[in-house]
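J.: Structure provided below as structure tokens; questions to follow.
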Amino acid sequence: MRLRPWRTAVMERIDTDVLVIGGGSTGTGVARDAAMRGFRTVLVEKRDLTHGTTGRYHGLLHSGGRYVVKDPVSAKECIAENLILRRIIPQVIEDTGGFFVITPWDDPEYGDRFRDACTACAVPCEEISVSEALRREPRLNPQARRVFVVPDGAADSFLATHATAESAREHGADIRTYHEVTEILRRDDTVGGARARDCVRDEEVVIEAAVTVNASGAWAGQIGRLAGCEVNVIPGKGVMIAMSHRLTNTVLNRCKLPADGDILVPIRTVCVIGTTDRHVPDPERYGIEDWEVALLMEEGDKLVPGLSAARVLHAWAGVRPLYSETAASETRDVSRTYTLLDHESRDGIRGFVTITGGKWTTFRQMAEVTVDAVCRKLGVQRPCRTHEERVTPGREGRLFTPGTPLRAVESEHTTGDLICECELVPSERVEAAIASGAVTLDDVRRDSRLGMGPCQGGFCTYRAAGLLQERRQPAVRETNLALRDFLQERWKGLRPILWGQQLQQARLDELIYLGIMNADHLDTGDRTSPLTDFYYYQDTPQSAGPARAG
Ligand SMILES: Cc1cc2nc3c(=O)[nH]c(=O)nc-3n(C[C@H](O)[C@H](O)[C@H](O)COP(=O)(O)OP(=O)(O)OC[C@H]3O[C@@H](n4cnc5c(N)ncnc54)[C@H](O)[C@@H]3O)c2cc1C
């Protein structure tokens, strides 16, 4: 983070009980919980909601099975929250179930350890025969030796976070995206809020708060430093690759200690193989390298033979906010449990707490313990209700199924009105995202899944740009810039996997945008947008140029 002295005048001052820094799953969870307990709450996020790790994760609602042997505390947290999330926010969760599979490459002895550890952690686990597993999942490796069934699921973190933020707003919270914290207000040994830059209006906002919550994920160390304390967050990068359709309907995990490329998650119309785990010095700058792509394909083939020959859609990476009091040499060795730091007892700094680590699956519990700490600091007793109250009480309480989006399109007769056919996004949803303050087309994507299907934006980017122009009426060069930035964003995820059918698709998209629309020469006033994605996938000697996984 760059610190610079402020020269602009303060345009706005806000006084609140709780200031939350970070608009990922954790921060929005904290904002909702605090607002539900009657605290005046403000959340600031430097870009769009889910722009951090929450929008770059694997999509697994953990049963806890992955951690039962190595990290039982995390496993217990996961299974407890798995059951709660299915109740309070069912529309974002698909009940895929999960298999833990011992393949010929895995230690057969691990199966008994795994089953016993599941029992010890209260993770429901049933062993089924390999033939039964193959009946349920015909593409599973027929050489599998043992298969255990657990209650894993798939979850849409974009929808979940937006719904949580909306609920927080309904309870009175002020959710401010594109507000970047640049200074923590500290007088003597007390933190009293933060100074933020409204990146859209280019104005300064001062938020004075009784308690400031650092929920900035992999950036928690940076925010800690602004407050004058050391928060040792170790950014652990993980790469994931989406295959263009669901090869299985069940989450497949290798039954062994967590390692690279050992989980396949079916989510909506695709399935995602992941991940890797490498320490990176900066949560915003890292590369996707050829060896990572090749490794994921190779490991994927062990679960589903032939996976690497299927059409590959998109690669991306996210950074885990791993917390350790001491330096750890291997990111895989750091526990996946969450940590709440009360900086008063730890560092002698009042009015400031950090919540970090954990999983998407445990965000609600992380929020609960954080707001419990806020209550203690403010000397009040207000019980948490987030485990009981649905996030969207008015909606049907049904779990997501792959048929849900098509059913909605058919019942609302919006077939002729689709902007993105791959993800079944009607114009109404794109317009709603624009109206609710999306700044870039990538924000619209996070809100609606625009451009996330097989064509990767080929047929929907120009339509969405047209709607943006129609609704907002900005100068044409602004829309040109939005279109170009969005194509650039999609391109980042295509570069590492350009072979086979997706290469053909990328070539078609190139012809549409560069050949027909001349997109690289559109008038943008020679600018690049300061508001688009700051994630920079570096070119490394290994990753420059198209890759072909072996
Ligand atoms: C590769 C990978 C795969 C994963 N898979 C799974 C999975 O399948 N299931 C699961 O349960 N968990 C998974 N996780 C873990 C999970 O994604 C994270 O634990 C969770 O999303 C973290 O959420 P967060 O809100 O704490 O952080 P983030 O989502 O990163 O939110 C922090 C926010 O703070 C903002 N911020 C930073 N600095 C500032 C500032 N100065 N001012 C204002 N805002 C700021 C950032 O922009 C960011 O949006 C995975 C993680 C990774 C990396």
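J.: About its Cα centre, what dipole magnitude does the chain give when the only charges are +1 on Lys and Arg Cβ and -1 on Asp and Glu Cβ, stated in debye to the nearest 20? Walk me through the intermediate numbers first.
T.: Values: 69 positive and 78 negative charges, 56 e Å.
Here the chain has a charge dipole of around 280 debye.
J.: Where does the chain land at 222 nm, in deg cm²/dmol rounded to the nearest 500, when only DSSP H runs of n ≥ 4 count, each adding -39500 (n - 2.57), divided by all residues? Kindly include the intermediate steps, with their values, before the conclusion.
T.: On the way: 15 runs with 172 residues, N = 550.
About -9500 deg cm²/dmol.
J.: Also: Which ³J(HN,Hα) values in Hz, rounded to whole numbers, follow from the phi angles of the range 517-524 under the Karplus curve 6.51 cos²θ - 1.76 cosθ + 1.60, where θ = phi - 60° and Gly and Pro get x?
T.: Once θ is set to phi - 60°, the couplings for the range 517-524 become 8, 6, 4, 7, 10, 5, 6, 10 Hz.
J.: Based on the alpha-carbon gyration tensor of the range 163-219, what equivalent-ellipsoid semi-axes (square roots of 5 times the eigenvalues) come out, in whole Å, largest first?
T.: Numbers: eigenvalues 85, 49, 27 Å².
That gives 21, 16, 12 Å for the three semi-axes.
J.: Check the cysteines of the chain one by one and keep only those with no other cysteine Cβ under 4.7 Å from their own.
T.: Within the chain, the cysteines lacking a partner Cβ under 4.7 Å are Cys78, Cys121, Cys199, Cys229, Cys255, Cys271, Cys375, Cys384, Cys422, Cys455.
J.: While we're here: Could you pull the Rg and Dmax for the range 1-147, using just the Cα atoms, both in Å?
T.: When restricted to Cα atoms, the range 1-147 yields Rg and Dmax of 21.8, 70 Å.
J.: To continue, here is another question. How much of the accessible area of the range 355-452, in percent, comes from carbon and sulfur atoms when a 1.4 Å probe is used?
T.: Values: 2280 of 4470 Å².
Summing carbon and sulfur atoms, their accessible area is 51 percent of the total for the range 355-452.
J.: With an 8 Å cut-off on Cα pairs and a minimum separation of 6 or more residues, tell me the relative contact order of the range 1-131 in percent.
T.: Numbers: 107 pairs, mean separation 24.0, N = 131.
Answer for the range 1-131 is 18 percent.
J.: Go through Met240, Met452 and list them by solvent-accessible area, largest first, probe radius 1.4 Å. Write out the running numbers ahead of the final one.
T.: On the way: Met240 5, Met452 35 Å².
Of Met240, Met452, the descending order of accessible area is Met452, Met240.
J.: Taking only C-alpha pairs under 8 Å that are 6+ residues apart, what is the relative contact order of the range 154-242 in percent? Walk me through the numbers on the way to the answer.
T.: Numbers: 96 pairs, mean separation 15.6, N = 89.
This gives 17 percent for the range 154-242.
J.: Identify all lysines with a Cα-Cα distance to Lys302 below 17 Å; exclude those on the same chain that are fewer than 8 residues away in sequence.
T.: Lys256
J.: Let me ask something additional. Once Rh is set to the Kirkwood radius over Cα pairs, what Stokes-Einstein translational diffusion coefficient, in µm²/s, holds for the chain at a temperature of 4 °C and a viscosity of 1.567 mPa s? Could the numbers behind the result be given before it?
T.: Numbers: Rh = 24.0 Å.
Approximately 54 µm²/s, per Stokes-Einstein.
J.: Could I ask something else about it? What ³J(HN,Hα) values, in whole Hz, does the Karplus curve 6.51 cos²θ - 1.76 cosθ + 1.60 give for the range 247-252 when θ = phi - 60°, with x put for Gly and Pro?
T.: Coupling constants for the range 247-252: 7, 9, 9, 10, 5, 10 Hz.
J.: Given H placed on each backbone N at 1.01 Å, which residues far from Thr96 in sequence or on other chains put an amide H within less than 5 Å of it?
T.: Under 5 Å from the amide H of Thr96 lie the amide H atoms of Ala154, each far enough along the sequence or on another chain.
J.: For the range 265-371, compute Rh as the Kirkwood radius over C-alpha pairs and then the Stokes-Einstein diffusion coefficient at 4 °C and 1.567 mPa s; write the answer in µm²/s, rounded to an integer.
T.: Details: Rh = 16.8 Å.
In µm²/s, the coefficient is 77.
J.: Step through the residues of the range 32-48 one at a time and calculate ³J(HN,Hα) from phi using the Karplus curve (6.51 cos²θ - 1.76 cosθ + 1.60, θ = phi - 60°), rounding each to whole Hz and writing x for Gly and Pro.
T.: In residue order, the calculated couplings are 5, 4, 5, 5, 5, 8, x, 8, 5, 10, 10, 10, 10, 10, 6, 10, 9 Hz.
J.: Here's something else I'd like to know. First check a/c for the range 247-294, with a ≥ b ≥ c the square roots of the eigenvalues of its C-alpha gyration tensor; if it is under 1.5, answer rounded, and if not, answer prolate when a/b is larger than b/c or oblate otherwise. Working shown, then result.
T.: Numbers: a/c = 2.39, a/b = 1.65, b/c = 1.45.
Note, shape of the range 247-294 comes out prolate.
J.: Ignoring ligands, DNA and RNA, what accessible area per residue does the chain give at 1.4 Å, in Å²?
T.: Numbers: 21820 Å² over 550 residues.
Ligands and nucleic acids excluded, the result is 40 Å² per residue.
J.: Students sometimes get this wrong: rank Asp290, Asp262 by accessible area, probe 1.4 Å, all chains present, largest first. Mind dumping the intermediate values first?
T.: Working: Asp290 50, Asp262 0 Å².
Highest to lowest solvent-accessible surface, that is Asp290, Asp262.
J.: May I pose another question? Sort 229-236, 130-137 by the packing proxy (mean of other Cβ within 10 Å over each peptide's residues), most packed first. Kindly include the intermediate steps, with their values, before the conclusion.
T.: Numbers: 229-236: 20.8, 130-137: 15.5.
Highest to lowest by the protection proxy: 229-236, 130-137.
The values are calculated or read from the model by the stated rules, or taken from the named source; none is laboratory data. Please read these numbers as outputs of a predicted model, since none were measured by experiment. Please note: Cβ atoms are built from the backbone with ideal geometry, for glycine as well, and neighbour counts cover all protein chains shown. Note: accessible area is taken over every heavy atom of the protein model, side chains too, but ligands, DNA and RNA are not part of it. Shrake-Rupley method; radii C 1.70, N 1.55, O 1.52, S 1.80 Å.
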